[in-house]
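Accompanying notes for the structure given below.
Nothing in this text is a laboratory measurement; each read-out follows from the coordinates by a stated rule. Since the structure is predicted, the reported quantities are computational estimates derived from the model, not experimental observations. Virtual Cβ from ideal backbone geometry, glycine too; neighbours counted across all protein chains shown.
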Amino acid sequence: MINKSPSPEIRAWAKHICMSAHKARRVINQIRGRSYGQALMILELMPYGACYPILQLISSAAANANHNMGLNKANLFVSRAEVNEGALLKRFKPRARGRGYQIQKPTCHITIVLEEISR
C-alpha cells in the first residue's frame, strides 16, 4: 500500500549562512504560516540583513515546487521554517602588545518547507 500525502512538501535549505541564528530567527518567526505572496512582501519590507538570504531561499523553494511538481506559486504557504546554529568561524584580531584575541563568527542553517493550500 502506497501512502501518498494529500499535499506534497517542498523543501529548501541553506547551510553556513554568515549570521547568527538569533538574528535569522527574528525574521523567520514573522513568515511562518504565511502564504508565499505575504512572505515575499514581508521580507521585502523588513529592514533586517537576514531578510535577503531568507528571501532567496523562499524563492528557490517556490521555483522547486513549480518546476519539479508543477504547483502554482500562488497556492503555496510556509508550513515550516526553522533556523539551527552552524559552525563557528574562529578568527583572530590583533590587539595591543602583539597579542591576538579570538573572534567567533557565527553561522546558521535555514530550512524552509512549503506546502500547497488544500481547498
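Summary of computed values
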item: Flag if N68 is more than 25 Å from P106 (Cβ to Cβ) and either surrounded by 14 or more Cβ atoms within 10 Å (Cβ to Cβ) or in contact with a helix residue (DSSP H, G or I) (Cβ under 7 Å, 6 or more places away or on another chain) (or both); result: no
item: Residue count, the range 89-114 (criterion: under 26 Å from R32 (Cα atoms) and either among the aromatic types (F, W, Y) or assigned to a loop (DSSP other than H, G, I, E, B) (or both)); result: 2
